[in-house]
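Participant: Pasting in a structure now, in structure tokens, and then I'll have a few things to ask.
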């Protein structure tokens, strides 16, 4: 795979008007190679790992990205990880800097694993990725409402490899 690229994600297949339908084809066991890949970083609050303000943070962040013309449909991914039981951080891939947002860059090699099931399976997914590498991020491909609409809840684990 090319530097800073992610597998294809068809943003146009979007009957809900919210989250595009996710096709897991091409996402399993992929090697991702980031070199100064640009992201907007956002933080959400949680209570015992259950997000409190995720929707609001995502809507605000995605609007800022869109307003700046920084969205990159060709390599869209949002990497999320819990920092503690009380907060999580999210990294939105972008094609350029977004004014007023915290910008960061990632460099490293990563491998992916596709999971399907309810969010309560997260401990099993984390265990599956435990020996792959650190840190481990998750790409929540759809919100809970869209996952229910589509009948599938795909989550992509992304582990940084040594």
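Participant: Just give me the residues in segment 1-36 being more than 24 Å from residue 148 (Cβ to Cβ), surrounded by fewer than 16 Cβ atoms within 10 Å (Cβ to Cβ), modelled with pLDDT of 90 or more and in contact with a strand residue (DSSP E or B) (Cβ under 7 Å, 6 or more places away or on another chain), in sequence order.
Facilitator: 3, 29, 31, 33, 35, 36
Participant: So which residues in segment 136-156 are surrounded by 15 or more Cβ atoms within 10 Å (Cβ to Cβ) and assigned to a loop (DSSP other than H, G, I, E, B), if there are any at all? Even if it seems obvious, please write down each step before you answer.
Facilitator: Applying the first criterion (surrounded by 15 or more Cβ atoms within 10 Å (Cβ to Cβ)) to segment 136-156 yields 136-143, 146-147, 149-150, 152-156.
141, 142, 143, 152, 153 - these are the residues of segment 136-156 that are surrounded by 15 or more Cβ atoms within 10 Å (Cβ to Cβ) and assigned to a loop (DSSP other than H, G, I, E, B).
Participant: Filter segment 94-124 down to residues that are under 22 Å from residue 48 (Cβ atoms) and under 15 Å from the mean Cα position of the chain (by Cα) and give me whichever is surrounded by the most Cβ atoms within 10 Å (Cβ to Cβ).
Facilitator: Only one residue tops the list, namely 115.
Participant: I would also like to ask the following. Only one of 131, 151 is closer than 19 Å to residue 17 by Cα and free of Cβ contacts under 8 Å to residues at least 24 places away in the same chain; which?
Facilitator: Result: 151 is the single residue among 131, 151 that is closer than 19 Å to residue 17 by Cα and free of Cβ contacts under 8 Å to residues at least 24 places away in the same chain.
Participant: May I ask you to say which residue of 57, 47, 43 is surrounded by fewer than 17 Cβ atoms within 10 Å (Cβ to Cβ), in contact (Cβ under 8 Å) with a residue 12 or more places away in the chain, under 27 Å from residue 121 (Cβ atoms) and in contact with a strand residue (DSSP E or B) (Cβ under 9 Å, 6 or more places away or on another chain)?
Facilitator: Answer to the check: 43.
Participant: To continue, here is another question. Among (1) under 28 Å from residue 3 (Cβ atoms); (2) surrounded by fewer than 20 Cβ atoms within 10 Å (Cβ to Cβ), there is one condition residue 91 misses while meeting the rest; what is its number?
Facilitator: Only one criterion in (1) under 28 Å from residue 3 (Cβ atoms); (2) surrounded by fewer than 20 Cβ atoms within 10 Å (Cβ to Cβ) is unmet by residue 91, namely (2).
Participant: If you go through segment 117-135 one residue at a time, do you hit one that is closer than 26 Å to residue 95 by Cα and in a strand (DSSP E or B)?
Facilitator: Of segment 117-135, the ones closer than 26 Å to residue 95 by Cα are 134-135.
When the remaining residues are screened for being in a strand (DSSP E or B), the result is none.
No: zero hits.
Participant: For the structure I just gave you, tell me whether residue 75 is under 19 Å from residue 40 (Cβ atoms), within 15 Å of the chain's Cα centre (by Cα) and in contact (Cβ under 8 Å) with a residue 24 or more places away in the chain.
Facilitator: When the stated conditions are applied, residue 75 passes them.
The values are calculated or read from the model by the stated rules, or taken from the named source; none is laboratory data. Fair warning: this is a prediction, and the values are worked out from it, not measured in the lab. Here the Cβ is made from the backbone with ideal geometry for all residues, glycine too, and neighbour counts use every protein chain on show.
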